[in-house]
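Notes follow once the structure below has been shown.
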Amino acid sequence: MTRDLITGALLLEQESVWTVRTMTVMPDHAHLLVTLGDTHPLSASIRLFKGRSSATLRSSGLRWERGCFDHRLRVEENRLPIFQYIFLNAYRTKLLPPDQRWPGYYCHPLDWAWFEPLTNESCPFPEWLV
């Protein structure tokens, strides 16, 4: 299911709805940082994502909650804390030890090029988890 949700988000990228910068799928929610395309506002983009992935969730006995929380980043805002928050979510909730990679994490290759060298071989540094 996790891979299906990531694939669904990336399919919307092919339709120019958004570009997924980084994303993590958790057992009960997901975090996405996207750059919107020119075709849909955020609310329509989220509606597309949720609508298309609902069958995947239903097959596992799950469903999307109504609404979502969103935050628009300013151009001058530092994205590193957002990338770290999304990257660390599974580790902070102790779903896996810090020396393993979370299978529900995705980072756009252009962003991974600058973010991955800041990690501990694609895993979090222990001090990030305090």
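With a ≥ b ≥ c taken as the square roots of the eigenvalues of the C-alpha gyration tensor of the chain, please select rounded if a/c is under 1.5 and otherwise prolate if a/b is larger than b/c or oblate if it is not?
Details: a/c = 1.88, a/b = 1.26, b/c = 1.49.
It comes out oblate by the Cα gyration axes.
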- Message: Counting only other residues whose beta carbon sits under 15 Å from that of Ser54, what net charge do I get with K and R as +1, D and E as -1?
- Response: +4
- Message: Could you give each residue of region 115-128 its phi-based ³J(HN,Hα) in whole Hz, using Karplus coefficients 6.51, -1.76, 1.60 with θ = phi - 60°, and x for Gly or Pro?
- Response: 7, 4, x, 7, 9, 9, 6, 6, 10, x, 6, x, 5, 6
- Task: May I ask for the distance between the Cα centers of region 5-24 and region 85-130, given as a whole number of Å?
- Result: 19 Å
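Just so you know, all these numbers are worked out from the coordinates, no wet-lab data involved. Everything numeric in this text was worked out from a predicted model, so none of it was measured. Virtual Cβ from ideal backbone geometry, glycine too; neighbours counted across all protein chains shown.
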